[in-house]
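FYI, it's all coordinate maths here, none of it is from the lab. Model, not experiment: these values are computed from the prediction. Every residue, glycine as well, gets a Cβ built from its backbone with ideal geometry; the counts of neighbours run over all protein chains shown.
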Amino acid sequence: MAGSLTDCPAGVPIEPLLPLFHRLNREHFGGALAPEGRPLVSVRWSDGRMRRSAGLYRFGRHADGRELSEIVLSRPLLEPLPREALLGTLCHEMIHAWTHRVLQVREVHGPHFRARMAAINAAQSDFTVSVRHRYPLPGEGAGATAGHRWLARCPRCGVSAPYRRRVKGLACRACCQLHHGGRWDSSCLLEFLAVG
């Protein structure tokens, strides 16, 4: 069920995720995410379009009815960062998969997530798992808004990102997760400011 990509579409080698998944599963989840060596979740790099989130865990059903349970990591965000960022992000998403598939609990960053995160951080010092990270987005820095007409800013956390157009009803995902259990809330609506 699980697989890993060893090459990105452009052919630049990237680290295979499946061996890391199995290692972290043994070290921090007692093998529960791969009973008898068979992963309960697939693990893959994004196709290059995931540029706002370093990783995600998603579940549900494919269009043909097959079960969907996968971890997707952002190649554009993680590839240029130190390996610790990759390990911390993968482990973060594995905790989501563990609470959902093993504990069968639906929570975003609730007590089960936080307890496992604290245990993993206490057990090793190679990387840190956090509820929220602030990895640089591709194109951040001087000239990051070139070609973008709008800057979207979250009124709660202050994080901003450039956009080519205004998007109606867009809310800050991080603040919705932190303050509203992952549900959309109007208090987290992004404010769009014209650039220039």
Ratio Rg/Rh, restricted to the stretch 150-194 and using Cα atoms, in which Rh is the Kirkwood radius: 0.96
Two-site label geometry, S186 and R44: point separation in nm, points 7 Å out along Cα→Cβ: 3.9
Ratio of the Cα radius of gyration of the stretch 17-123 to 2.2 N^0.38 Å, where N counts its residues: 1.04
Most to least packed among 102-114, 45-57 [average Cβ atoms within 10 Å]: 45-57, 102-114
Summed residue charge, Cβ within 11 Å of L24's Cβ, Lys/Arg positive, Asp/Glu negative: -1
